[in-house]
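One structure is given below, encoded as structure tokens.
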Ligand code: GLU
């Protein structure tokens, strides 16, 4: 395959949620596996609802997931191109003004339904004379504009769904421009895909019907060029089958980040759910890209449980080598010779990344020791070995404490853990003790 060019095209009318991240990731991973380009395109022709703040927020969310686009475009800056396209369609008799109000259209649909007919626009506006149009306009009616579909079946080979077809007899001529003069997304999307030489349109299966219309637009606007290849993937739904839109708030990428979930946990869940690959933790998008294949995406709804993010976050952190997190640790001043051994000791105990700061305090800062049995702790303090300390110090020391006190198992180890770390449980003390060092250990044992 020659290098593909794909695009992720959100409307900046809100922040993206995990379902949108799935679309972004599919495109990004597809382009990464085939050494292609990933374009971020803001579908912001709805100027009343789109904001620059949402657009910036979406870029932040994508960057958090590890997705940095090769180029960014905004449809609001390309209106002249869309106008040129409508002029072309008009010349070819494929673009016509309509004057029906939403109420009139609704009434007609009800009549069609009552007669058992499909609710398809009857093209009444095509029969209006110039005089009738002028009269409607003089009454203050502003036209909306439709694209005249050609009859027949539109066929394409969907990279996920296989051979697909839609009979255009079942579709209304789509509205391309609203009565207020603004473009709906349908036409700008095709104009952009042509101008940006998009080779693959990977998007949710809620867009399948748009594809028939858009393929007709591709043919009308760029008859010489090959239309992109389409791939429509299943949508993420909750365990009960509910779509994501209603739950956008709690599953927005911004709120998942605030909850402390790892970006790679979100990426793995968003990508692997609803595919033949098992959902499992991954260290990087490069690793995820290696096994990524659109052919693995299932046709069934992608049911997922946000609770899985907890386990995946824990497992992702446990996979990270120090080099994977060095910069993140440094941003929290976790630096110096203790940083790497602490990461290795504690990575398997974290349910979110910032918990490492608690263990950093244990080895490098101050904590409140807990003394359950002051006599026993005092005796153990007397037996602390001399430095230098290493990973064998813990067993040498507890061996001596055991011999002196007769304690063993939990009765031996637990009070020492409480005194040294102030925590009920945590990473292996054999690893922590040399990082805590004799001076701090002695102080915590009250020695
Ligand atoms: N703005 C559209 C959406 O977010 C883009 C659909 C497409 O990829 O063509 O659903």
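Return the whole-Å distance between the Cα centroid of the stretch 119-138 and the Cα centroid of the stretch 181-253.
The two parts, judged by their Cα centres, are 30 Å apart.
Rg and Dmax of the stretch 255-307, Cα atoms, in Å?
11.4, 33
Please give the Cα centre distance for the stretch 354-413 versus the stretch 293-346, rounded to the nearest Å.
Using only Cα atoms, the two centres lie 30 Å from each other.
Mean separation of Cα pairs under 8 Å and 6+ residues apart, divided by the residue count of the chain: what relative contact order is that in percent?
Numbers: 660 pairs, mean separation 61.1, N = 447.
About 14 percent, as a whole number.
Counting only the backbone N, which residues of the stretch 18-36 are under 17 Å from the spot 7 Å out from the Cα of residue 296 toward its beta-carbon?
Flagged as within label range: 22-35.
At 10 °C and a viscosity of 1.306 mPa s, what translational diffusion coefficient does Stokes-Einstein give for the chain, taking Rh as the Kirkwood radius over Cα pairs? Give it in µm²/s as a whole number.
So the translational diffusion coefficient is about 60 µm²/s.
Would you mind calculating the relative contact order of the stretch 171-259 from Cα pairs under 8 angstrom and at least 6 residues apart, reporting the percent as a whole number?
25 percent
Ranking 356, 111, 18 by Cβ neighbours within 10 Å, fewest first, what do you get?
On the way: 356 22, 111 11, 18 26.
Exposure proxy ranking, most exposed first: 111, 356, 18.
Using a 10 angstrom cutoff on alpha carbons, build the Gaussian network for the chain and name the most mobile of 368, 172, 298.
368
Could you tell me the relative contact order of the stretch 308-388? Use alpha-carbon pairs under 8 Å, at least six residues apart, and round to a whole percent. Working shown, then result.
Working: 40 pairs, mean separation 25.1, N = 81.
Taking the mean separation of contacting Cα pairs over the length of the stretch 308-388, I get 31 percent.
Expressed as a fraction of 2.2 N^0.38 Å, the rule-of-thumb size for a compact globular protein of N residues, what is the C-alpha radius of gyration of the stretch 396-447? Each step should come with its number before you reach the end.
On the way: Rg = 10.7 Å, N = 52, 2.2 N^0.38 = 9.9 Å.
Compared with the compact-globule rule of thumb, the stretch 396-447 sits at 1.08.
Could you work out the pair-distance distribution P(r) of the stretch 66-123 from its alpha-carbon pairs, with 5 angstrom bin width and percents rounded to whole numbers?
4, 14, 13, 11, 12, 14, 12, 8, 8, 4, 1
Can you put 101, 86, 129, 316 in order, fewest other beta carbons within 10 Å first? Don't skip to the end; give the middle numbers.
Numbers: 101 11, 86 19, 129 8, 316 26.
Result, fewest neighbours first: 129, 101, 86, 316.
Comparing 191, 401, 208, which has the greatest mean-square fluctuation in the GNM of the chain with Cα pairs linked when under 10 Å apart?
401
Helix 308-319: angle to the longest alpha-carbon principal axis of the chain, degrees 0 to 90, nearest 10?
Taking Cα atoms only, the helix is inclined about 50 degrees.
If each DSSP helix of 4+ residues adds -39,500 (n - 2.57) and the sum is divided by the residues in the chain, what number results at 222 nm, nearest 500 deg cm²/dmol?
Numbers: 19 runs with 207 residues, N = 447.
Calculated from helices alone, the mean residue ellipticity at 222 nm is -14000 deg cm²/dmol.
Compute the distance in nm between two label points, each set 7 Å from the Cα along the Cα-to-Cβ direction, one at residue 357 and one at residue 333.
Roughly 1.1 nm, to one decimal.
How do 282, 196, 264 line up, fewest other C-beta atoms within 10 Å first?
Working: 282 22, 196 16, 264 25.
Listing 282, 196, 264 from fewest to most nearby Cβ atoms yields 196, 282, 264.
Once you have all Cα-Cα distances for the stretch 113-266, histogram them in 10 Å bins from zero and send the whole-percent values.
Pairs per bin, as whole percents: 9, 26, 29, 23, 10, 2, 0.
Note the direction-averaged projected area, equal to a quarter of the hull surface, for the Cα convex hull of the stretch 181-265, in nm².
Numbers: hull surface 32.9 nm².
Result: 8.2 nm².
Mind checking the angle between helix 52-65 and the chain's longest principal axis? C-alpha axes, 0 to 90 degrees, to the nearest 10.
Result, in degrees: 50.
Per residue, how big is the convex hull around the C-alpha atoms of the stretch 165-212? Give it to me in cubic angstrom, could you?
Working: hull volume 4.7 nm³, N = 48.
So the per-residue hull volume is 98 Å³.
Provide the convex hull volume over Cα atoms per residue for the stretch 25-139, in Å³.
Working: hull volume 24.8 nm³, N = 115.
In the stretch 25-139, the Cα convex hull volume per residue is 216 Å³.
Report the dimensions of the stretch 128-192 along its three principal axes from the alpha-carbon atoms, largest first, rounded to Å.
Principal extents (Cα only, largest first): 50, 25, 15 Å.
Taking springs between alpha-carbon atoms closer than 10 angstrom, which of 431, 48, 339 fluctuates most in the Gaussian network model of the chain?
Looking only at 431, 48, 339, the biggest GNM fluctuation is shown by 48.
Find the eigenvalues of the gyration tensor of the Cα atoms of the stretch 1-79, then list the square roots of 5 times those eigenvalues as equivalent ellipsoid semi-axes, largest first, in whole angstrom.
Numbers: eigenvalues 96, 41, 17 Å².
Each semi-axis is the square root of five times an eigenvalue, giving 22, 14, 9 Å.
Once you have a ≥ b ≥ c as the square roots of the Cα gyration tensor eigenvalues for the stretch 83-156, tell me rounded if a/c is under 1.5, and otherwise prolate or oblate according to whether a/b is larger than b/c. Before the final figure, lay out the partial values.
On the way: a/c = 2.30, a/b = 1.06, b/c = 2.17.
Oblate, because a/c is 1.5 or more while a/b does not exceed b/c.
Mind pulling the angle between the C-alpha long axis of helix 322-331 and the longest principal axis of the chain? Nearest 10 degrees, somewhere in 0 to 90.
Helix 322-331 sits at roughly 90 degrees to that axis.
Find how many whole Å separate the alpha carbon centroid of the stretch 416-435 from the alpha carbon centroid of the stretch 13-80.
Their Cα centres are 45 Å away from one another.
Only the coordinates and a few stated rules stand behind these numbers; no lab work does. This is a predicted model, so every value here is computed, not measured. Note that we place each Cβ from the backbone using ideal geometry, even for glycine, and neighbour counts take in every protein chain shown.
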